[in-house]
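Following: one structure in structure tokens, then a few remarks.
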Amino acid sequence: MLETLPQAIVTGVLLGGLYAIIGIGMSLIFGIMKLTNIAHGDIMILGTFLTMHITQSLTGNPIIGLLLTIAIMLAFAFAIQNFLINKVITKGAEPALLVTFGLSIIISNALFLVFGANTHTIPSTLVTTNLIRTAHVSVSMMYAVSFIVAVAVIVALSLVMNRTSFGRAIRAASSDTVMSELLGINTKHMYIFAMMLTVVTASIAGMLVGMTFPFYPTTGTQYLIIAFGVVVIGGMGSLLGTLVGGIILGLAQLVGANLIGATYQQLIGFIVLLVILAVRPQGLLSKAARK
Amino acid sequence: MNNIIEISGLNVMHGDLRALADVSMNIESGKIVSIIGANGAGKSTLLNTIMGVHAPAAGAIRFEGRDITKMRTSKIASLGLAMTPEGSRVFADMSVMENLLMGAYLPGAKKAKAGQLEKVYDMFPVLKEKSAQLASFLSGGQRQMLSIARAIMMNPKVIICDEISLGLAPVIIHDIYAKVKELNAEGITFLLVEQEIKRSLRHADYSYVMVKGRVVMEGKSSGLSREAVSDAYFGINQFA
Ligand SMILES: Nc1ncnc2c1ncn2[C@@H]1O[C@H](COP(=O)(O)OP(=O)(O)OP(=O)(O)O)[C@@H](O)[C@H]1O
Ligand SMILES: [Mg+2]
């Protein structure tokens, strides 16, 4: 097993990138609205199905499929935030949480009605290509691309959040809604923008996931748990923490599987999650931890 | 007389508690107006209601003749009303500079940003010194200065201050009131909440005294005696 350990570490880190981009939208929503978005995994898988469907029906180019998916998802984000979540978010966290729970069920059932229970994939040559191949380690192009895209998305989001007036306004709205309103920031609009940012990242994650793993209408829950793990390990609302959280979860799963056995992969990931929760409940890189 | 803010028959409930009862006020443009009252008199409730943070059960608020009673807070702010709320509420996890830039969020203020920034740095040199530091590292007085500076960055017509002097050393209070006078001379109307009678009468053109959610006395500060205000303030002599 020791000879396969380097491979497990490399794959774990790269998979962690994919986990990070899966979790980043959940982290944004939590950081900005203090809302645990139960529908996050289903929203992502909705993006996966849309990208698959549009790619198949149009040119066969998944990038065009992704761009059109993002356009649709932006409208969807506006609708659910403006007409559902914003209506209840001022009444505390629980009603909004229930709304996302309802959304989760509606999305997975709608996907089931339209696409059936079959397992699907988004075909991509990245999966069968290797970036590096040596005697001990090979790096799949798909995993490498996911990792690079994840880092790029996180860097881009950090720049938006820290360097632009729009990003500052979102941060302000998340830390003090009343004060933000007094400064002329419509916090409900900020929530809509935050949800839009979230679905953009979820659509990108959804495409990468759909190329890497098979998916079906109820796969969303599985990714909700991964997103939750990433966000909890990294620290709620911390962008860099999301990357760290993803990598820790990916490493824990693959190195654990390597040392103990592949059947325990998921379990080991969540044991690490629980240990971190017990030792550092605020997450590794949360804002609360820095103060 | 040109009233920039007109409040009539305002009633505000906090649950079962009537926090404001039939409050009417006229804030004259270009003046410094102060509201005096003890703890719990309803001063903050009044300011928050003007800004749309609380919804009144009855009554109306007009700004430059326009009804703003049911307007969203961010919209009211965009009309030219800035508020420094109780306890300054600076963004602790942002730098001093970022806090100031938050004041210049609205399009109108964004255009005037460079000039306003220079102006507030001139007024409060300490903020320039600490511009890159997180606001959480500021002292109480510096936070109040930042809160006022942030309001100035909005380039507003009116600045509403909720107890800017609370808990500050007399030297700093003196300094802050000097800035208020300066800004007022440039044409900004001030609505201030004060707990201290003497200070209020000294700095304001016009004063209101509130007791238990009601206005019990009002008048030009020069025409109000400290004793009369004090009696009203402590509820000895109810004028309502
Ligand atoms: N959000 C709230 N919910 C319930 N009651 C409130 C709320 N805010 C204020 N009150 C009550 O309303 C009354 C007026 O409060 P308010 O804060 O307006 O007074 P204030 O004059 O600003 O007092 P202070 O000088 O202490 O700031 C008080 O009795 C207070 O306890
Ligand atoms: Mg108060």
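The values are calculated or read from the model by the stated rules, or taken from the named source; none is laboratory data. Bear in mind that the values here come from a model prediction, so they are computed numbers and not experimental data. All Cβ positions, even for glycine, are placed from backbone atoms using ideal geometry, and neighbour counts span all protein chains on display. Just the protein is used for accessible areas: all its heavy atoms, side chains included, with ligands, DNA and RNA removed. Shrake-Rupley method; radii C 1.70, N 1.55, O 1.52, S 1.80 Å.
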Quiz prompt | Computed E for residue A:267/residue A:119 - FRET, C-beta separation, R0 22 angstrom, nearest 0.05 | solution = 0.45
Exercise. Return, for the Cα atoms of chain A, the radius of gyration and Dmax in Å, separated by a comma.
Key: 18.8, 62
Quiz item: By how many degrees, between 0 and 90 and to the nearest 10, does the Cα long axis of helix A:40-57 differ from the longest principal axis of chain A?
Solution: 70
Quiz item: Could you give the nm distance between label points at residue A:82 and residue B:228, where each point is 7 Å from its Cα heading toward the beta carbon?
Solution: 5.5
Quiz item: With the Cα gyration tensor of the range A:202-272 giving a ≥ b ≥ c as the square roots of its eigenvalues, does the rule (a/c under 1.5 for rounded; else a/b larger than b/c for prolate; else oblate) give rounded, prolate or oblate?
Solution: oblate
Quiz prompt | Per-residue average of Cβ from other chains inside 10 Å of A:167-174 | solution = 3
Self-check item: Ordering of A:38-47, B:222-231 by burial proxy (mean other Cβ atoms within 10 Å per residue, highest first)
Solution: A:38-47, B:222-231
Exercise. Express in nm, to one decimal, how much length is gained between residue B:75 and residue B:57 on full extension, taking 0.36 nm for each residue of separation and deducting their alpha carbon distance.
Key: 4.5 nm
Quiz item: Of the accessible area of the protein assembly as shown, with the probe set at 1.4 angstrom, what percent is carbon plus sulfur?
Solution: 62
Exercise. Kindly list the residues of the range A:210-239 that lie in the label zone of residue A:112, defined by a backbone N under 11 Å from the point 7 Å along the Cα-to-C-beta vector.
Key: A:217-219
Quiz item: Under a plain spin-label model, where a point goes 7 Å from the Cα along Cα-to-Cβ, how far apart in nm are residue A:162 and residue B:16?
Solution: 5.2
Quiz item: Once the piece of chain linking residue A:75 and residue A:225 is laid out straight, how much longer is it, given 0.36 nm per residue of separation minus the C-alpha distance between them?
Solution: 51.5 nm
Quiz prompt | Calculated FRET efficiency for the pair residue A:218/residue A:260, C-beta based, R₀ 22 Å, to 0.05 | solution = 0.20
Practice problem: Tell me the label-point distance for the pair residue A:189, residue A:34, using the 7 Å Cα-to-Cβ offset, in nm and rounded to one decimal. | Solution: 2.4
Exercise. Pairs of Cα atoms under 8 Å, at least six residues apart: use those to get the relative contact order of the range B:106-224, whole percent.
Key: 20
Quiz item: How high is the relative contact order of the range A:5-290, in percent, counting Cα pairs under 8 Å that sit 6 or more residues apart?
Solution: 37
Quiz item: DSSP loop trypsin sites (Lys or Arg not before Pro) in the range A:61-146 with at most 13 other Cβ atoms within 10 Å of their Cβ, which ones?
Solution: none
Quiz item: Going by a ≥ b ≥ c, the root eigenvalues of the Cα gyration tensor, does the range A:1-129 fall in the rounded group (a/c under 1.5), the prolate group (a/b larger than b/c) or the oblate group?
Solution: oblate
Quiz item: Normalised by the residues of the range B:89-156, what does the relative contact order come to in percent, with Cα pairs under 8 Å and at least six apart?
Solution: 54
Quiz prompt | Residue among A:174, A:129, A:207 farthest towards the positive dipole end of the range A:5-290, charges placed on Cβ | solution = A:174
